[in-house]
Every structure is written in structure tokens, then in C-alpha cells.
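Participant: Okay, here's the structure, questions in a sec.
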Amino acid sequence: MRGQTSSVRLSWPGKREPALGSEARLRVVKPAAHGFELIVGDNLSALRALAERPQRFALAYLDPPFLTGREHMEVARERNATGRMVRTITPAFDDRWDNLEGYLTALGDRLSAARELLREDGCLVLHVDPKTSHYAKVLCDEIFGVRAFASEIVWRYRRWPAKTRNFQRVHDVLLRYVKNPDEKPRFQQLYEPLAASTVATWGDRKQRAVVEPDGYRRCSSTGSEKSAGAPLGDVWEISIVAPVAKERTGYPTQKPEALLRRLLEACTEPGDAVLDPYLGSGTTLSVAARLGRIGVGIDANLRALHIARKRLEAAQIKAGETVAVGSRRTRPGTARQSAKLHVA
């Protein structure tokens with residue numbers, strides 16, 4: 001069941017409802033032995049083909065291109081025979097668009113298709129930046145319904161400052177929507193450390209509010225049980241993937257494992273299935289494997305799937321391989337084939 005439909009909608013010339021399904025199908029090349037499957041092809045075609053299967057997902061994490069207007073490159077670094085560090089630059093995905101309307105149309109198609117693959121108590125998390133988050137929020141309200149909106153998470157990070165006559169942009173936005181607002185959501189409460197002032201005043205024990213019969217809160221007291229911390233809020237400070245980090249793959253726009261770990265721990269349970277239609281470097285599935293979840297990842301770039309496969313193998317997981325037959329490589333996230341560039 002969808003949440004209540006809103007009368008506030010995005011509008012532009014030529015806007016249409018999310019496109020109907022295509023005739024694409026999935027051809028399994030190697031069966032998934034450990035519950036993980038990598039699908040190569042256009043993610044919209046693959047999502048629609050997945051709808052023919054009975055499997056449903058507790059979490060769909062969508063990290064689409066951010067409407068940057070440029071082609072993104074993978075940068076691999078290794079030393080040559082003389083010991084000098086050489087960078088190999090390879091196109092990863094194309095994020096160039098004719099206009100904002102085209103971007104939102106393509107994104108809406110994929111949001112709608114991904115929603116149909118969720119469990120009734122599952123949720124979708126859309127990862128965008130402040131340039132498009134306000135449009136994406138209204139678009140998601142249209143597709144899911146306003147009652148299905150669960151939270152807006154601000155991911156704050158630190159990076160090298162830019163030269164700008166403006167405030168530094170140091171955050172992304174994660175929009176979380178539930179499949180069915182009438183179902184109890186799949187959600188595990190996470191905690192963060194207590195504030196230093198709280199510990200100084202009350203210690204590390206659980207606090208108990210004393211409330212009068214008329215509803216007036218008289219005071220607080222502490223018990224003997226140790227506090228788990230403060231319930232996690234919706235502003236998360238997590239570092240980006242540093243250039244020297246062990247988890248860094250060189251694939252552009254790679255998200256940190258700590259961010260995906262927090263999402264998976266909160267929105268899924270061990271054994272649940274997760275879906276990532278913009279697989280990229282494979283962080284979602286890599287974290288899912290270590291947390292005892294299973295998952296499906298989709299990407300049009302064979303190099304992205306290779307990186308994801310290697311990360312799963314590091315977790316002792318042999319992923320299945322599938323091709324979306326009859327699919328077209330369409331944006332967002334189109335892979336482009338061109339020559340590698342070697343830079344010393």
C-alpha cells in the first residue's frame with residue numbers, strides 16, 4: 001500500500017508517469033552459491049526483470065550520479081618497473097545530461113521499479129546531494145506517497161576546502177522511504193556515545209524520567225543499568241574514503257563502508273536481502289557480506305562488477321553472475337568504453 005498521495009507534484013513539459021516494464025530478462029551465467037548476485041546491464045531493465053522473481057528486499061540503496069555534468073574516471077595506481085608510481089585513468093560512468101528534466105525522468109523510472117522489489121516492511125534509501133535533494137524529495141513523495149517518508153539523513157564529512165565565495169559544501173542527503181507505511185518498519189535502533197555533559201551530570205547509567213499524573217516532568221533519576229548511549233540522530237559525521245584508506249578501490253564516488261554499515265545495521269536483519277542498482281565499487285554488497293546479509297548488485301560497467309567481485313571474494317563469497325538480456329545502457333550511470341590513459 002502506498003502512502004497518501006500528495007497534491008504537490010513536480011511538473012515540466014513532457015513529464016510522464018514512470019515507464020512500463022520492458023521485455024528484458026535475466027540470463028544466469030553462474031548461479032549464486034552464497035546469496036550474492038552481480039548483474040551486468042542497464043539497471044532499469046534489470047530491476048524490471050527482477051520483479052518476475054519471488055525474492056524481495058529489506059533495503060534498496062540507490063546512489064545514482066549526482067548530475068555533475070561530466071564523465072567520471074576510475075584511477076588505479078601502481079608502480080612501474082623503475083619504481084615510479086603510475087596512474088591509469090579509465091572512464092567509469094557518464095553523468096552528462098541534456099537537462100534536469102531528463103535526469104529526474106530517468107531517476108523516477110528507477111525509483112518506481114526499485115520500490116516494487118521491496119518487502120512490505122522494507123525501505124529504500126536514495127543518496128543524493130543538495131543540488132537535487134529537494135527535487136528528489138518531491139519525486140519520492142509522488143512515487144511512495146507522503147506517509148511513506150521516514151527520514152532525511154544528513155551525511156556530513158570533511159574534505160579539502162574549495163575556493164568559493166560561499167559556505168563549503170560538506171554534506172550529502174539520504175532520503176529514506178518505507179514500502180508500506182501501514183506495516184511495522186524493519187528498523188533496529190542504533191546508538192551514539194552520550195554527550196560529555198550528560199556523562200558528567202548523570203554518569204553512564206540509564207536515566208529515568210519521573211512524570212507527575214498531570215503530565216508534568218518533575219525530575220530525572222538514574223538506574224543501575226548501563227546506558228546504550230543516545231539514540232542515533234539523523235545527522236551523521238562519517239569520514240569520506242581517504243586516498244590512503246585500505247578500502248579505497250580507485251572507483252569514483254566510492255562511499256565509505258562505515259556509512260553503509262550504519263544503514264544496513266539499522267534497516268536490515270541478518271539473512272535479509274539488500275539491493276544496489278548503482279553498484280559502482282561494490283561497497284554495499286561488501287558490507288552486507290560481513291554483516292551476514294545477502295544481496296544483488298547491478299551495473300553496466302564490467303570494471304565495476306570486477307571490483308565488486310574481488311571485494312566479495314575477500315569476504316570468502318563467490319558471487320553469481322547474471323546478464324540483463326535485451327537491456328540498453330541508458331543513463332543514469334551509463335558506462336562508456338574508451339581507451340585507458342596512463343599518467344606518470
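Participant: Within segment 68-108, track down each residue that is in contact (Cβ under 8 Å) with a residue 12 or more places away in the chain, part of a loop (DSSP other than H, G, I, E, B) and either touching a Phe, Trp or Tyr at 6+ places or on another chain (Cβ under 6 Å) or not polar (S, T, N, Q) (or both).
Facilitator: 69, 70, 84, 95, 96, 97
Participant: Of all residues in segment 260-305, which are assigned to a strand (DSSP E or B) and either surrounded by fewer than 24 Cβ atoms within 10 Å (Cβ to Cβ) or outside the structural domain of residue 324 (by TED's automatic domain parsing) (or both)?
Facilitator: Matches in segment 260-305: 273, 294.
Participant: Taking the condition in contact with a helix residue (DSSP H, G or I) (Cβ under 8 Å, 6 or more places away or on another chain), among the hydrophobic types (A, V, I, L, M, F, W, C) and closer than 25 Å to residue 316 by Cβ, does residue 59 pass?
Facilitator: yes
For (1) surrounded by fewer than 22 Cβ atoms within 10 Å (Cβ to Cβ); (2) modelled with pLDDT under 95, each residue gets a yes or a no:
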position: 66; (1), (2): yes, no
position: 72; (1), (2): yes, yes
position: 77; (1), (2): yes, yes
position: 92; (1), (2): no, yes
position: 100; (1), (2): yes, no
position: 130; (1), (2): yes, no
position: 147; (1), (2): yes, no
position: 150; (1), (2): yes, no
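Participant: Same structure, new question: Give all pairs with beta carbons closer than 6 Å in which a residue from segment 16-40 that is assigned by TED's automatic domain parsing to the domain that holds residue 110 and more than 19 Å from residue 302 (Cβ to Cβ) meets a residue that is of a type in the set (A, V, I, L, M) and in a loop (DSSP other than H, G, I, E, B); count only pairs at least 6 apart in sequence or on separate chains.
Facilitator: 34/317
Participant: Residue under question is residue 163, and the condition is that it be charged (D, E, K, R), under 27 Å from residue 69 (Cα atoms), surrounded by fewer than 19 Cβ atoms within 10 Å (Cβ to Cβ) and not assigned by TED's automatic domain parsing to the domain that holds residue 260; does it hold?
Facilitator: The answer is yes for residue 163.
Participant: In segment 45-64, which residues are over 22 Å from residue 155 (Cα atoms) and buried (at least 22 other Cβ atoms within 10 Å of the Cβ)?
Facilitator: Those that are over 22 Å from residue 155 (Cα atoms) and buried (at least 22 other Cβ atoms within 10 Å of the Cβ): 45, 46, 47, 48, 49, 50, 57.
Participant: Still on this structure, I have one more. Which of the residues spanning segment 118-142 are more than 27 Å from residue 170 (Cβ to Cβ) and either among the basic types (Lys, Arg) or within 15 Å of the chain's Cα centre (by Cα) (or both)?
Facilitator: Listed by number, the residues that qualify are 118, 119, 122.
The values are calculated or read from the model by the stated rules, or taken from the named source; none is laboratory data. Only a predicted model underlies this, so the values are computations on that prediction, with no experimental measurement involved. Counting neighbours? That spans all protein chains shown, and the Cβs are built from the backbone with ideal geometry, glycine included.
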